[in-house]
Amino acid sequence: MPGFGDIVQKAFYLGVGLASYAGEKAGGKLAELRSQVQKLADEMVAKGEMNTEEARRFVEDMMKQAQQPPTPSETPEKPQPSEPRRIEILEEDEEATVKETSTSTENVDHLRQQVLKLQEELKKLQQDQ
């Protein structure tokens, strides 16, 4: 029967193994990212959008950003709901509808008057010519 020490030792080795595996995966992803960023920088240098020194700094900055842990604003705090958000349609108050109707009617009347005045001015200008 394995003792408590054996279980602790196996748990420790498991943790070390998982950390090593995660490190290898992260290293592989970082190498892939560096390759992609370097290609992008090389393309920008070839197009004349930046010089070689700017490209080197660009690659270094991107790699530093990739190695930093995400900030709280970048990680979603709320879990996404499993169903779509429900939308309630509320009926408008009758008073608001009456006010909106009277206001829109006044606006339409005012616009009609302006159009009529402009038409009259246009006729006068055409007659003066």
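In summary, GLU49 fulfils each of the numbered conditions (1) surrounded by 11 or more Cβ atoms within 10 Å (Cβ to Cβ); (2) modelled with pLDDT of 80 or more; (3) assigned to a helix (DSSP H, G or I) with the single exception of condition (3). Here GLU91 qualifies as charged (D, E, K, R) and at pLDDT 65 or above. Evaluating LEU111 against the criteria (1) of a type outside the set (Lys, Arg); (2) more than 30 Å from GLN36 (Cβ to Cβ); (3) modelled with pLDDT of 85 or more; (4) within 39 Å of the chain's Cα centre (by Cα) leaves one unmet condition, (4). Please determine whether any residue of segment 25-39 is modelled with pLDDT under 85 and part of a loop (DSSP other than H, G, I, E, B). No: zero hits.
The values are calculated or read from the model by the stated rules, or taken from the named source; none is laboratory data. Being a predicted model, the structure only gives us computed values, none of them experimental. Here Cβ is always computed from backbone atoms with ideal geometry, including for glycine, and neighbour counts include all displayed protein chains.
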